Amino acid sequence: MKLWVRSNFSISVLLLVGALAFALLSIDRAKIQSVAIIGELSESQILSVKDRLLAIDIEAEQEFIRDKLLALEWIDQVNVRRQWPNAIGVEIVPETVVAYWNDDGFINSEGRVLVTDLIAAGDLPGLYGPDGSEREVMSRFQELGGILTSHGIVIRNLTRSDLGSWTIETRRRITILLGKEDLRERLDRFLAVRELLQSQSEIKRIRRMDARYINGVAVQFDDELNLSNEVVAARSEINETLGVQSL
């Protein structure tokens with residue numbers, strides 16, 4: 001008797017599992033009737049996603065849909081989920097860019113350049129360099145920017161020349177020439193001179209600081225031609241103390 005009950009129960013379970021599998025198979029083959037686009041997206045970005053979805057087979061595997069959407073360079077992450085019985089949800093995470101690149105594109109924190117009009121970046125610094133230097137420039141921007149930020153200085157532009165020379169322009173429009181080598185040491189010299197000039201209330205008049213000298217920094221002031229003899233003498237004393245050359 002027990003054996004029959006067990007046998008009957010086993011058959012019932014098998015029948016139930018079979019019916020469930022058939023139901024899932026039927027649902028899985030149901031036509032997709034709606035797609036939900038999820039994410040903090042602009043209107044133009046939503047239209048871009050819609051156009052791509054209309055151009056592909058949304059009945060395809062989720063991985064296929066994901067790969068097709070990731071081909072849009074402004075998209076960083078895509079998550080595709082089936083919403084039973086006949087819908088899918090597409091979650092989009094746009095790329096986060098940290099700077100403009102050569103005035104015709106954007107660059108992210110990994111040094112990848114994106115040329116697209118679907119990113120609203122706003123007020124970002126500008127990074128400049130020859131083709132192939134994107135990751136190097138981004139790495140330098142993160143390194144030098146971190147040092148300067150700790151001193152209350154924000155990089156507005158960072159440029160690497162074709163010959164490998166580096167130039168910084170700060171948010172206050174001060175140009176810092178660092179050259180090719182010993183960038184950290186030269187930046188430290190710039191900061192030392194800047195601190196002294198700031199204590200002398202001269203910081204707002206600085207136009208350019210050239211730290212490429214071996215033992216000093218050359219400073220150019222925007223009102224250099226209209227200085228009184230007293231101010232010139234005071235600056236000469238500062239320069240002599242720090243090994244600064246006035247341009």
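List of remarks:
- Taking θ as phi - 60° and the Karplus parameters 6.51, -1.76 and 1.60, the scalar couplings of the range 145-157 work out to x, x, 5, 5, 4, 5, 10, x, 10, 10, 6, 8, 9 Hz in sequence order, x denoting glycine and proline.
- The range 30-94, relative contact order [Cα under 8 Å, separation at least 6], %: 45
- With the simple model of a label 7 Å out from the Cα in the direction of the Cβ, L163 to R205 spans 3.2 nm.
A short reminder: the numbers here are calculations on the coordinates, not readings from a lab. Because the structure is predicted, anything quoted here is derived from the model rather than measured. Cβ atoms come from the backbone with ideal geometry, glycine included; neighbour counts cover every protein chain shown.
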